[in-house]
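To start, the structure itself, in structure tokens.
What follows draws every value from the coordinates through simple rules; no lab data is involved. Just so it is clear, the structure is predicted and the values come from calculations on it, not from any experiment. Every residue, glycine among them, receives a Cβ derived from its backbone with ideal geometry; neighbour counts consider all protein chains shown.
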Amino acid sequence: MLTNLRRYDVQATYACGLAFFSALPCLAAAILTVQRYHHDLGQIVYGSKGMFLPGLLGCLLASMLLSGIGLLLGLNSAGQRRNDKPKRSWLGFFLGGSILSLNIILLLAFYMLRLERPM
């Protein structure tokens, strides 16, 4: 059951939780890219018919969505007078922003280093 998201302390709690949970798909995407990276070629190699690309993009999209919502909720509730949990707001804000930045870096690294092989 959802609680009232108009309250700033509830927004702070959700911001912190969403930012923490966004680290899991980000970690999965990082593991997928490191596993497919070939040092000899200097590229991320994947097959055209496999499930690597939808899995990677799904992990990145899920993590970006969760971290973005955590970032915005933390930003909205951080400076409010009625928020009795400002540390959670700031933690959600900074952790969400950091994980969102990591997701963008992973997406750009994949885009720049990809090598699709027909299988």
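Miscellaneous remarks
- Relative intensity, log₁₀ I(q)/I(0), of the chain from a Debye sum that treats every alpha carbon as a point, q = 0.17 Å⁻¹: -0.77
- Euclidean distance of C-alpha centroids, segment 94-119 and segment 1-77, integer Å: 11 Å
- Of the residues His38, Leu107, Gln80, the one whose Cα sits farthest towards the positive end of the charge dipole of segment 8-117 is Gln80 (charges of +1 on Lys and Arg Cβ, -1 on Asp and Glu Cβ, taken about the Cα centre).
- 3J(HN,Hα) from dihedral phi, segment 98-108, Karplus parametrisation 6.51/-1.76/1.60, rounded to Hz, x for glycine, proline: 5, 6, 4, 5, 4, 5, 5, 5, 5, 5, 5
- Label-to-label distance, nm, for residues given as Lys87 and Lys49 (7 Å Cα→Cβ offset): 5.5 nm
- Backbone geometry of segment 34-44 corresponds, through the Karplus equation with coefficients 6.51, -1.76 and 1.60 at θ = phi - 60°, to 3J(HN,Hα) couplings of 5, 5, 8, 7, 9, 5, 5, 8, x, 9, 9 Hz, x marking Gly and Pro.
- Taking amide hydrogens as placed 1.01 Å from N in the peptide plane, the amide H of Arg114 sits under 5 Å from those of Ile44, each at least 5 positions away in sequence or on another chain.
- Note on the chain: helix-only mean residue ellipticity at 222 nm, from DSSP H runs of 4+ residues weighted -39500 (n - 2.57) and normalised by residue number, equals -24000 deg cm²/dmol.
- Cα-centred dipole magnitude for segment 9-119, charges only on beta-carbon of K, R (+1) and D, E (-1), debye, nearest 20: 180 debye
- Here the label points at Phe94 and His38, each 7 Å from Cα along the C-beta direction, are separated by 4.2 nm in the simple model.
- Legend: P(r) of segment 5-60 from all alpha carbon pair distances, 5 Å bins from 0, whole percents, reading 4, 17, 19, 16, 12, 9, 8, 6, 5, 3, 1.
- Relative contact order computed over the chain (Cα-Cα under 8 Å; 6+ residues apart), in percent: 41 percent
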